[in-house]
Structure formats: C-alpha cells, structure tokens
Amino acid sequence: MDQKNKYIEFEIEDFLNDEFFIQWVKNPGEETNHFWLKWIENNPDRMSILQKSREIITMVDYKDRYVLSDQVYMDLYESIVEKSHQKRANGKHFQWSGWHKAAAILFLVFSTVYGIDVLNKKKQTDSEMNQVIPWLTIDNPVGQKYKFQLPDGTRVHLNAASKIEYPQTFDGQNRTVRMTGEAYFDVTADSDRPFVIEIDNSQVKVLGTSFNLKNGEDFELALVEGKVEVADSTGGVITLLPNEMLIKRKNGKVSKTGFDPEEVLGWKDQLLIFKDNTYPEVIEKLETWFGVRITSTLTVDKGWSYSGRYHNKSLNHVLEGISISSEFNYKIENKSVTISNP
C-alpha cells in the first residue's frame, strides 16, 4: 500500500503508535515535513484527528519537567478519592486530616500546572502549524514562456504548457521544487543545500549546475554544466556529466546519450526547431509554441517529415515556410488555424 494512502483511515490511537508520525512530531526534518504537509493538503478532512494526535505526543514530555512521576500522581489521586468516600465506624463521613488537605492542594496545584502546560503546548502547536511556509505556483499556458528567479537566486526559464511549484523561502536542508512540462534551470551553487526537483517517480538532485528538464510523456534531462543525480522510486541513481542526456520513456526504457544543444535548448532563446518531425509532431509544436488551435484536413504521405529553424518568427512566417515545401493552404483567424490541401 502507498504510504500516503496508509494513513487515510488512521484514528488517534493508530497515529500514536506510528513511528514515522512520532518522528515528525518529535524531530521534524525536511523529508517528514514535506510528507506530512503534503498529506494535510490532500486530506483536509483528517486534520482534526492528526492535530489531536500531535498534541498528545507533544505533551508526553511534561513528566520530565515535574517531580511527580505518573505512578505517584495516580497513587495520590486514588488515595484522595478513596478517602473522600470512606465512612467511619460510627457512620459519619471521613474528616480530612491536614495531610490529606495538603495532598489535595498539592494534587490541585500539579493538575493546574499540567493543564496550563497543555494549553501552552496547544498554542505552540497551533503557532507552528500557522507558520508553514506557503508554496507558490507558476502555470504557463500554451503560447507563453516565462523567466524568473527562485528565492535562492536560481534562474528558471519555464516553457509553454509547463508548471512549477516552489516554497516562498527555502528554509531547510534542501531546496525543493516540483514541476511538470519543460524548464531550463541555472542553479545557484550551495554545497550545504542540494537543489531537488520532484517529478512523479523521479527526483533530480544537484548542487550548482545548468540543465534542461522535460517531463511529459517521457522524461528528458540534458546537462549543460555541473553534475546531476537522478533517483527513481526503487532507489536507483543515475549520474549525468556535462553534454549528457538522460531519457526515460513511458514504456520504461532508459538511455543515456549526447544531445544537440540548439535542438534541446533553443526554445529558451526563442528558437523553434523542427528536426525530421512527423506531421502530428509539427502540429503539436505549433499549437504549444504559438498558443493556437489547428484544424487540418491536409493529406500527407506516410513518410512525411519536416526540418526547419525559425528564430523569433511569427506564426504566419513559420506556416509560410512549411507550406513552401509541403504545398498546403492555411488560414489564421485569431487563435484558430485551418490547414488544407491546395
């Protein structure tokens, strides 16, 4: 069972006996914080149960700070209750002696102190929950690219139809972000805090480097400078050096090759590259690049392919160039394009 799904049916007693949950409450770290904060985000209806479980665990250390042990505390309480219900031989209720009065006062004092401590713990816990660092999201639609900096100074080029999520500040042992689509990263060096990108079942870990990452149907990572480690869910790790590219196909096939920098990285410099692309691939690239919807009735040969290079050109210019070699008519109306036989 997936670990996140494991906790959905948990009640308070289950959380109190779970080592991973107790570790998070007692000694939170980057890994446990990320897991539980994400779990809370995905399961808001379980927040009350989790919060009560957390409060109970945070209270456990009260006995380390007070003289009375649990056993002495309970013995004292039971003694007071027992005596208060006893009757003398003559049928009269037991009269409290000085010792019992002192014991009762002592019990009351410790109960009050303990109660205050519980309230303080609760306030502290609530404060900690309220101090959770918010995450920001940049979600690019088709036809739009965006350049920006992360809180640590890392420069990001986010391609069209791509999304990235990152914390408002990097406050921990790692600098962790999440993304889908395609982005180019120029990571600020920090030997003490690795830069980590979480993607589906993979994790990209770097210290300071430049690389292009594409996460769609396939996973493609092209390293320009530095060194990158890619870990999968099984614990396997693949290391990349400059000018190497890792490709993980959706069918599970993994390969490591060289790459053409202009073909892979050109998009961030407004360079639209076609290299032996099929007709459906050309249509998909045009729709994503320019943010249009293309309807085509064009008949193409089975082995049709196209190669071309366009730097910062308009949709009309690109279609004109493709139509010269492929002989088709096209019509542009706002965000709609129609392609047909001549």
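The values are calculated or read from the model by the stated rules, or taken from the named source; none is laboratory data. Remember, predicted model here, so these are calculated numbers, not experimental data. Cβ sites come from the backbone with ideal geometry, for glycine too, and all protein chains shown count toward neighbours.
The table for this structure:
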| item | result |
| --- | --- |
| Looking only at segment 159-173, and only at residues there that are under 18 Å from Gln149 (Cβ atoms) and surrounded by fewer than 17 Cβ atoms within 10 Å (Cβ to Cβ), the one that is modelled with the lowest pLDDT | Asp171 |
| Residue check, Ala222 within 22 Å of Glu263 (Cα to Cα) and touching a residue at least 60 places away in the same chain (Cβ under 8 Å) | no |
| Enumeration of residues in segment 193-210 that are over 19 Å from Gly172 (Cα atoms) and under 20 Å from the mean Cα position of the chain (by Cα) | Ile199, Asp200, Asn201, Ser202 |
| Hits in segment 211-228 (condition: surrounded by fewer than 21 Cβ atoms within 10 Å (Cβ to Cβ), more than 18 Å from the chain's Cα centre (by Cα) and not aliphatic (A, V, I, L, M)) | Glu217, Asp218, Glu220, Glu225, Gly226, Lys227 |
| Failed condition for Leu246, given (1) closer than 26 Å to Lys147 by Cβ; (2) free of Cβ contacts under 8 Å to residues at least 24 places away in the same chain | (2) |
| Residues (surrounded by 16 or more Cβ atoms within 10 Å (Cβ to Cβ), more than 13 Å from Pro151 (Cβ to Cβ) and not aliphatic (A, V, I, L, M)) located in segment 181-197 | Gly181, Glu182, Tyr184, Phe185, Asp186, Pro194 |
